[in-house]
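Participant: My questions all concern the structure below.
The values are calculated or read from the model by the stated rules, or taken from the named source; none is laboratory data. A quick note: this is a predicted structure, and the numbers were derived from the prediction, not measured. Glycine also receives a Cβ, built like all others from the backbone with ideal geometry; neighbour counts cover every protein chain displayed.
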């Protein structure tokens, strides 16, 4: 028996999101706990799964705030370290009228970049069913080595590996570096969640079926999900290709965490059924559930602390006339 359903490694940071203006007319920014890996874990916690996080924050006000928020969400923080010499990473998020975002990062360096191989507790990974990671933990040499070590621990102990590229262009010295690290992730993962723009970045085509086929054949990826924003999502498994539309009859405020919420819902659904049970019908149910969760998070500001409840997701599905 494994102690954890999902362990994730990567960035944990503060997302400063716009929250109106002050009486003086200045923009008001709200400090939201964030970072893709912990957003995913927070959604999994809402769905009754047991999770753990591996990473580093600064031994500062924001770092302590983040540690408390992650622990309160239900995630094990045994391997969340605090760096006394480097500050917690900050991201400033500008939201456009359609909910799309532009990020400005204060991370040169940030504490999440300072995690080292020797600080990774491999026993936590060995005692997990799934290990999840992205590319922001591979932007620098030290944390890249830590990520590689964690992935090796997962592979050597029969742990499923889940990968979300989560491309953030401003954090890379060059897009060639980003492409190389995404290629590495593609080569080791069992479960891939990739956005439409990332898929086009890696394949050069906006024909998603063709692009998915290219990646699956080149990297031998067993299970793949493509998120299409307001256009829904797709799943690919063996010779099955499934599409499900999004839930667009809701008021979107901002899209921070939508992909992470999808991933958390998707991994939870995956954990609840065996791989051999992933029929076309089951995959469509999975997509509908994950799309509903992702849609709900766009109605709120932030992500980690406001993940939807299972009952909210099911209610939205029923309102939309879908059946699971």
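Okay, residues lined up against (1) surrounded by 15 or more Cβ atoms within 10 Å (Cβ to Cβ); (2) out of contact with any strand residue (DSSP E or B) (no Cβ under 9 Å at 6 or more places or on another chain):
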position	(1), (2)
248	no, yes
262	yes, no
274	no, yes
298	yes, yes
311	no, yes
316	yes, yes
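Participant: Can you work out which of the residues in the stretch 91-109 that are surrounded by 12 or more Cβ atoms within 10 Å (Cβ to Cβ) and out of contact with any strand residue (DSSP E or B) (no Cβ under 7 Å at 6 or more places or on another chain) is nearest to residue 15 (Cα to Cα)?
Facilitator: The extreme case among them is 107.
Participant: While we're looking at this one, here's another question. Out of 304, 223, 228, 287, report the one residue that is in contact with a strand residue (DSSP E or B) (Cβ under 9 Å, 6 or more places away or on another chain), buried (at least 24 other Cβ atoms within 10 Å of the Cβ) and at pLDDT 95 or above.
Facilitator: Just one listed residue meets the conditions, 287.
Participant: So which of 292, 235 ends up being surrounded by 22 or more Cβ atoms within 10 Å (Cβ to Cβ), within 20 Å of the chain's Cα centre (by Cα), free of Cβ contacts under 8 Å to residues at least 60 places away in the same chain and in a strand (DSSP E or B)?
Facilitator: 235
Participant: Would you tally the residues in the stretch 231-244 being more than 11 Å from residue 194 (Cα to Cα) and in contact with a strand residue (DSSP E or B) (Cβ under 8 Å, 6 or more places away or on another chain)?
Facilitator: Residues meeting the conditions: 7.
Participant: Does residue 200 satisfy the condition of being outside any loop (DSSP other than H, G, I, E, B), in contact with a helix residue (DSSP H, G or I) (Cβ under 8 Å, 6 or more places away or on another chain), without any contact (Cβ under 8 Å) to a residue 60 or more places away in the chain and within 25 Å of residue 293 (Cα to Cα)?
Facilitator: yes
Participant: Tell me which of these residue 124 doesn't satisfy, since it passes every other one: (1) touching a residue at least 60 places away in the same chain (Cβ under 8 Å); (2) assigned to a helix (DSSP H, G or I); (3) touching a helix residue (DSSP H, G or I) at 6+ places or on another chain (Cβ under 7 Å).
Facilitator: (3)
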